[in-house]
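The values are calculated or read from the model by the stated rules, or taken from the named source; none is laboratory data. Everything quoted here is computed from the prediction, not taken from an experiment. In this analysis, Cβ positions are derived from the backbone assuming ideal geometry, glycine residues included, and neighbour counts consider all displayed protein chains. Heads up: the accessible areas ignore ligands, DNA and RNA and are worked out on the full protein's heavy atoms, side chains in. Shrake-Rupley method; radii C 1.70, N 1.55, O 1.52, S 1.80 Å.
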Amino acid sequence: IKVGGPAFARPDLSDQVDQFFSVAFQDLDFVSYHTYSTGSTSTPNSAIWNSAYGLGGTTISVRRILSKYRSTSEVEFFHDEFNISWNPPDIRMNNEIGAVFDALALISITNSGATGSMAWNEADGWYGKLDNNFNRRPSSYLYQFFNEDMGNTVVVSNSSDISKVVLFGAYFAGTGRTWYHLCVVNRAEANVVLDLKMEGLPSGIKPSSVFDVKQVYTYGGRYSSVAYQDLLKGYTLEANTVTIFILDSGNL
């Protein structure tokens, strides 16, 4: 049995975090904490997305405070509740704006080295990835696609302008084949033409090799495909979308 907590509601209040760790540090197998980015519907999308893309800093801060009292190498860190607003309703938690927020948050939290992350919550009128009748909202597809495709070995990916496009790459090596995954988050609030350069792909790739495409957009999730040669010519990303490109080395 693992023992931990305490689901900090305000991990930014570092003095309170420190006081808890100063007493409980010897007994913690894991630490958990929550964050919300705004209490106002007038906060611009760009600001809440900046907040999401900085959420990994919470894990870094909590780990740093705990390290004053013990080694953190055997402690698990769970960012186990987050969303846009602590003062609902905010319709952005129910639409594609929230899906972009969730993607940026998951990327940042993963890059920070957190053990795991969980959003609030599965189903309700204000926060849910499903509505009260269990109809799917865009973010439900975001979590489905990330669980299917982005939970493997993280690779280096860079964007020339993270205020418009954020990248996150991963690969999975199976028996005799490798799957390559690239997530592209369009947070520019406008259509963007992706000028993509990819290194480290299998030597057998051809201009006609096909990438499967999964995309989260206004109306949920959709599937398509694109040839490698067409992807490199400039791929148009619709505004406020999260797109995952998948290449299977066994199907070149």
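Below are the figures for this structure:
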{"quantity": "√(5λ) per eigenvalue of the Cα gyration tensor, segment 166-252, largest first, Å", "calculated": "23, 14, 11"}
{"quantity": "In nm, spacing of pseudo-spin labels at ASN87 and LYS2 (7 Å Cα→C-beta vector)", "calculated": "3.6 nm"}
{"quantity": "LYS233/ARG177 FRET efficiency (R0 22 Å; Cβ-Cβ; nearest 0.05)", "calculated": "0.25"}
{"quantity": "Accessible-area value, LYS206, 1.4 Å probe, nucleic acids and ligands omitted, Å²", "calculated": "80 Å²"}
{"quantity": "DSSP bridge orientation in the chain - percent antiparallel, rounded to nearest 5", "calculated": "70 percent"}
{"quantity": "Heavy-atom accessible surface of segment 12-161: percent carbon and sulfur, 1.4 Å", "calculated": "48 percent"}
{"quantity": "Gyration tensor over alpha-carbon atoms, segment 1-150, equivalent ellipsoid semi-axes in Å", "calculated": "28, 16, 14"}
{"quantity": "In order through segment 173-179: 3J(HN,Hα) via Karplus (6.51 cos²θ - 1.76 cosθ + 1.60), integer Hz, x for Gly, Pro", "calculated": "9, x, 6, x, 7, 9, 9"}
{"quantity": "Percent carbon-and-sulfur accessible area, segment 177-252, ignoring ligands, DNA and RNA, probe 1.4 Å", "calculated": "46 percent"}
{"quantity": "Per-residue SASA entry for ILE97, accessible area with 1.4 Å probe, Å² rounded to 10", "calculated": "10 Å²"}
{"quantity": "For segment 60-206: relative contact order, % (alpha-carbon pairs under 8 angstrom, 6 or more apart)", "calculated": "16 percent"}
{"quantity": "Linear extension gain, VAL155 paired with ASN191, 0.36 nm per residue minus alpha-carbon span", "calculated": "10.4 nm"}
{"quantity": "Label-point gap, in nm, between SER71 and MET198 - each point 7 angstrom along Cα→Cβ", "calculated": "4.0 nm"}
{"quantity": "Subset of LYS164/LYS233; LYS164/LYS214; LYS2/LYS214; LYS2/LYS164; LYS68/LYS164 violating a 30 Å alpha-carbon distance limit", "calculated": "LYS2/LYS214; LYS2/LYS164; LYS68/LYS164"}
{"quantity": "Value of [θ]222 nm, deg cm²/dmol, for the chain, DSSP H segments ≥ 4, -39500 (n - 2.57) each, nearest 500", "calculated": "-8000 deg cm²/dmol"}
{"quantity": "Spin-label model distance (nm) - SER163 vs ASN50, 7 Å beyond Cα toward Cβ", "calculated": "0.9 nm"}
{"quantity": "Correct option for mean projected area of the Cα convex hull in nm² [calculated from the coordinates] among (1) 16.8; (2) 15.1; (3) 13.6", "calculated": "(2)"}
{"quantity": "Accessible area of the chain divided out per residue, in Å², using a probe of 1.4 angstrom", "calculated": "49 Å²"}
{"quantity": "Residue-wise HN-Hα coupling along segment 112-127, computed from phi with Karplus coefficients 6.51, -1.76, 1.60 (Hz; x: Gly, Pro)", "calculated": "6, x, 4, 5, x, 9, 9, 8, 9, 8, 6, 7, 5, x, 9, 9"}
